[in-house]
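Data block below; observations after.
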Ligand code: ADP
């Protein structure tokens, strides 16, 4: 798959409202009840903040000038109650909203990961693992901040603002109108900043994905890097990627904080105006000191939520950028899917595999990996694929479990087109032993048990015995419970192969797809692996990419593949007699495969 098909962050496309509606519809809906409770607490918090501002008036007019002594205790007590109510309601709505936010983000992460698992191999070739990890971890993390901030922010700050504005209008509506005349300018500026921030943030996320992709490639290939002394080169390349992320982050903070000087200036203007106007009004007796005090208190208390709402727009825009990248992935669908009218594939005994005029190319382009390929693998027989590298052997193996779909012709298993059967039941009939054996960071029992869901310990041991793995497993201190992989014991090449063979034996599937390892094992291991493989092939239809002479000699049919076509076909003896490509490869020890 060509590089340009990689899904990379594009310029923002979906409108913010569409993204928000989608987020709310899919993820917020299940939390409406809790959201209701949280909103109630927000309302209490907002109302108590407003009460505190309003209480300034009796404090100044009645209490402090000593006119109404009987008001001292009730006013003081009311202020205490307001503060306590504000504290507790803020605590509860924060807790509830945080829970909703974390749930939403966990749901998105889990949906995204589960969606990735269903995508086809072409997708994974086009999108390196680092990029995908970054979407699940880093993009979703940015969404987390946006979801949390906007859930708490919008509700609480908005409500508080409305209450406080109410107090201001109650105290002096003309002064309030004048104070708020400045708002449209601030809002325009904030919206403009938000758009810029969203662009920067999308670029940051995309550069972060590139960086994690670079790092994961380097760590995976660290042996090559060190063996070829390329540390400095890789350091340089990583530094470039790190530098890009750093520059964009600096830019994002610069843009995001531009709102501070602008907002402070606007605020200064308003406060200055209020004091001058209010001062004259109070001096001329049209306004009491208490009214002006309450107005100023309401305005100062309103400043905090206003600032938060302005900042919230920044977080929200960044979150929407990330949401877009996440949804972009969620909207991709696997090209390889079970048809709605598919039937389960049931195989009672053995299975025949037939390729009929199969054509396939990885990038749907001109270069065909397989071209007009036809062959028949009768039930229970061993078909060996040989030929020069790039001939199409792995592609044949990839097409049978539908890792990719053929572009022309068809593949039949027991006469059923693989595209007409349910993909899960198709794959259930297949055991795959590939060269790049994956050993999971888990116990040995689990690694073998991967072959069949719900396998019991006895079955696992039996499979391990058949794969000549039981003995070495028993020699480990924890036996089958020994942890292998990154965190545990490292297995030798031959041991890994035998674990993967045990996994395939446990699967007990009628079709075996085998990519023989090319790496040399010591004689003892080689013999054990060979014996295990023979056991595995018994009674199954096997398609094997053969690298060993013994495998081809024993095969029922050898297909020699060159440039996607079968160029020779027959048994070992037939093909030696033909004196063609196979005979030449045989003479050089079947090395060129
Ligand atoms: P073999 O297993 O015989 O070495 P393959 O089946 O791997 O051959 O490859 C057949 C052709 O398909 C080659 O030209 C190879 O370059 C191409 N090819 C294999 N895998 C991919 C891929 N993931 N993307 C693009 N081209 C590929």
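The values are calculated or read from the model by the stated rules, or taken from the named source; none is laboratory data. In this text the structure is predicted, and so the values were computed from the model without any measurement. Here the Cβ positions follow ideal geometry from the backbone for every residue, glycine too, while neighbour counts run over all protein chains shown.
Residue check: is residue 163 more than 30 Å from the chain's Cα centre (by Cα), crowded, with 20+ Cβ neighbours inside 10 Å and within 15 Å of residue 302 (Cα to Cα)? Walk me through it before giving the result.
Working: more than 30 Å from the chain's Cα centre (by Cα): yes; crowded, with 20+ Cβ neighbours inside 10 Å: yes; within 15 Å of residue 302 (Cα to Cα): yes.
For residue 163, the condition - more than 30 Å from the chain's Cα centre (by Cα), crowded, with 20+ Cβ neighbours inside 10 Å and within 15 Å of residue 302 (Cα to Cα) - is met.
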Conditions first: (1) part of a loop (DSSP other than H, G, I, E, B); (2) buried (at least 18 other Cβ atoms within 10 Å of the Cβ); (3) within 28 Å of the chain's Cα centre (by Cα). Residue 453 passes all but one, so which condition is the exception? (2)
Among (1) farther than 21 Å from residue 253 by Cα; (2) part of a helix (DSSP H, G or I); (3) free of Cβ contacts under 8 Å to residues at least 12 places away in the same chain, the one test that residue 229 misses: (2)
Wholly within the stretch 340-394, which strands (runs of 3 or more DSSP E) include no fewer than the required count, namely at least 3 residues that are in contact (Cβ under 8 Å) with a residue 60 or more places away in the chain and within 13 Å of the ligand (Cβ to nearest atom)? 370-377, 382-386
Please work out if residue 498 is in a helix (DSSP H, G or I) and at pLDDT 90 or above. no
Scan the stretch 180-191 and report the pairs whose first residue is on the phi < 0 side of the Ramachandran plot and whose second residue is exposed (fewer than 13 other Cβ atoms within 10 Å of the Cβ) and assigned to a helix (DSSP H, G or I), with Cβ atoms within less than 9 Å and a gap of 6+ or a chain change. 182/269
Can you go through 235, 214, 254 and tell me which one is more than 30 Å from residue 22 (Cβ to Cβ), under 26 Å from the mean Cα position of the chain (by Cα) and assigned to a helix (DSSP H, G or I)? 214
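Which is closer than 27 Å to residue 48 by Cβ and in the same structural domain as residue 50 (by TED's automatic domain parsing), of 304, 281?
Working: 281 fails: closer than 27 Å to residue 48 by Cβ.
Going through 304, 281 in turn, the sole match is 304.
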Subset tally (residues that are surrounded by fewer than 19 Cβ atoms within 10 Å (Cβ to Cβ) and more than 16 Å from the ligand (Cβ to nearest atom)) for the stretch 117-135: 3
Identify the residue in the stretch 556-573 that is in contact (Cβ under 8 Å) with a residue 12 or more places away in the chain and more than 43 Å from the chain's Cα centre (by Cα) and, among all such residues, is farthest from residue 527 (Cα to Cα). 567
Between 514, 549, which is more than 16 Å from the ligand (Cβ to nearest atom) and at pLDDT 80 or above? 549
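Just need a number here: residues in the stretch 555-580 that are within 13 Å of the ligand (Cβ to nearest atom) and in contact with a strand residue (DSSP E or B) (Cβ under 8 Å, 6 or more places away or on another chain). Even if it seems obvious, please write down each step before you answer.
Restricting attention to the stretch 555-580, the residues satisfying the condition of being within 13 Å of the ligand (Cβ to nearest atom) are 559-567.
Remaining after also requiring in contact with a strand residue (DSSP E or B) (Cβ under 8 Å, 6 or more places away or on another chain): 559-561, 563-567.
Residues in the stretch 555-580 being within 13 Å of the ligand (Cβ to nearest atom) and in contact with a strand residue (DSSP E or B) (Cβ under 8 Å, 6 or more places away or on another chain): 8 in total.
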